[in-house]
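What follows is a single structure, written as structure tokens, with notes after it.
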Amino acid sequence: MGKISEHVIRVVNSASLAGWYKTVMGMQVTEDASAKTWTAFYPGEGVKLVFQEVASKGTTYQSNRDSCYWKIGVTVNDVDLAREKIMAAGTQVSVPNQFLDVGYLCHLADPNGFTIELLQHTFKQNFVKPIPDASLALGQTAVIGQITTRSQDIEASLGLYRDSLGMKLLSIQDISDYGFCLYFLAFTAENPPDQDLTSTKNREWLWQRPYTTLEIQCRPGQKCVPMDKEGEGVDHITMEVEDYANIMTKLKADQSNSSFPDPDGVQLKLKSASR
């Protein structure tokens, strides 16, 4: 089975940023001194964040609504508790709200400006407060549940991720009131509870998955600026795929570095899935 394995980000002061993810977000961190990288992750099946050190004289990261990249999402049982813990550690977090029939959520930025969404396993009206775990930074376990990108042409995106790479489309969420639609894909054998992928019944189930999904926001007429290749920013997303050689041949991708952009400029790197 394939998986989204690494989310690689170029940053200044990678050690300091990794320390923030450990102290504030409760992730485990490791250093690879030879590669000049730090890795942050939650135990389990979710993606690992890899911070690559870049020169301080380069451009600093600024979130941009026109970028093909948006955010990561961290899923938890209790968003209010996670927000309380993060704010107590000195980081500002927006006020949570039940966003339509999508989810109970809020947002923050890490010290280098990368956006994080906190997303609750259940809708606000279905919430049952769990017993906090004082040994954990967020008072509870967490998963990097989403990496969110943007697309101008969802059919081209689905052609790559679903049809070529073998990801499964799990949910389609039409947010027409705000002018966009969300598509969620994952490397999984699981099926959502309702075969109708637009059903709201699938959403709380989706927020409780133990693995990372790819969330694609498609907004008609949306401009998508490809990822920068220098300075601070997202470098690439690593995906492990089955039938690696045939996929690379089919995509006519450069097998010397296994890296190529998706139709909107999101840089991907493929590896053969371990068995």
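The values are calculated or read from the model by the stated rules, or taken from the named source; none is laboratory data. Just so we're clear, the structure is a prediction, and the values are computed from it rather than from any experiment. Cβ atoms come from the backbone with ideal geometry, glycine included; neighbour counts cover every protein chain shown. The protein model used for the area step is the full one, side chains on, heavy atoms only, and it has no ligands, DNA or RNA in it. Shrake-Rupley method; radii C 1.70, N 1.55, O 1.52, S 1.80 Å.
Counting only protein heavy atoms, what percent of the accessible surface of the chain is carbon or sulfur at a 1.4 Å probe? Roughly 48 percent of what the probe reaches on the chain is carbon or sulfur. Which net charge results when you count Lys and Arg as +1 and Asp and Glu as -1 among the other residues whose beta-carbon is under 14 Å from that of SER164? Spelling it out: positives minus negatives among the neighbours equals -1.
The GluC sites (Glu not before Pro) found in the stretch 129-218 that occupy coil by DSSP, while having at most 15 further C-beta atoms within 10 Å, are GLU190. The loop-placed trypsin sites (Lys or Arg not before Pro) in the stretch 1-37, going by DSSP, include none that has at most 11 neighbouring Cβ atoms within 10 Å of its Cβ. Rounded to the nearest 20 debye, the dipole magnitude of the stretch 90-235 is 260 debye, with +1 charges on Lys and Arg beta carbons, -1 on Asp and Glu beta carbons, and the Cα centre as origin.
Computed from the C-beta positions of ALA189 and ALA55 and an R0 of 45 Å, the FRET efficiency is 0.55 to the nearest 0.05. Beta bridges from DSSP with both residues in the chain: antiparallel share about 65 percent, rounded to the nearest 5. Here are some values of Rg/Rh (Cα atoms, Kirkwood Rh): [x] 1.02; [y] 0.99; [z] 0.94. Which one was computed from this structure? Looking at Rg/Rh (Cα atoms, Kirkwood Rh) for this model, the match is [z]. Within a Cβ distance under 14 Å of PRO132, other residues only, what is the Lys/Arg minus Asp/Glu net charge? Once all neighbours under 14 Å are counted, the net charge is -1.
Taking Cα centroids, how far is the stretch 21-53 from the stretch 58-95 in Å? Taking the Cα centre of the stretch 58-95 as reference, the centre of the stretch 21-53 is 16 Å away.
Projecting the Cα atoms of PRO192, TRP70, ALA55 onto the charge dipole of the chain (Cβ charges, centred on the Cα centre) puts ALA55 farthest toward the positive pole. Placing unit charges on the Cβ atoms only, positive for Lys and Arg and negative for Asp and Glu, gives the chain a dipole magnitude near 260 debye about its Cα centre. Based on every Cα atom in the stretch 1-58, Rg and the maximum pairwise Cα distance Dmax equal 11.7, 41 Å. Pairs from the list LYS85/LYS229; LYS124/LYS271; LYS36/LYS168; LYS48/LYS129 with a Cα-Cα gap above 32 Å: LYS85/LYS229; LYS124/LYS271; LYS36/LYS168. Extension gain, ASP163 to LYS271: 0.36 nm times the residue separation minus the Cα-Cα distance gives 37.2 nm.
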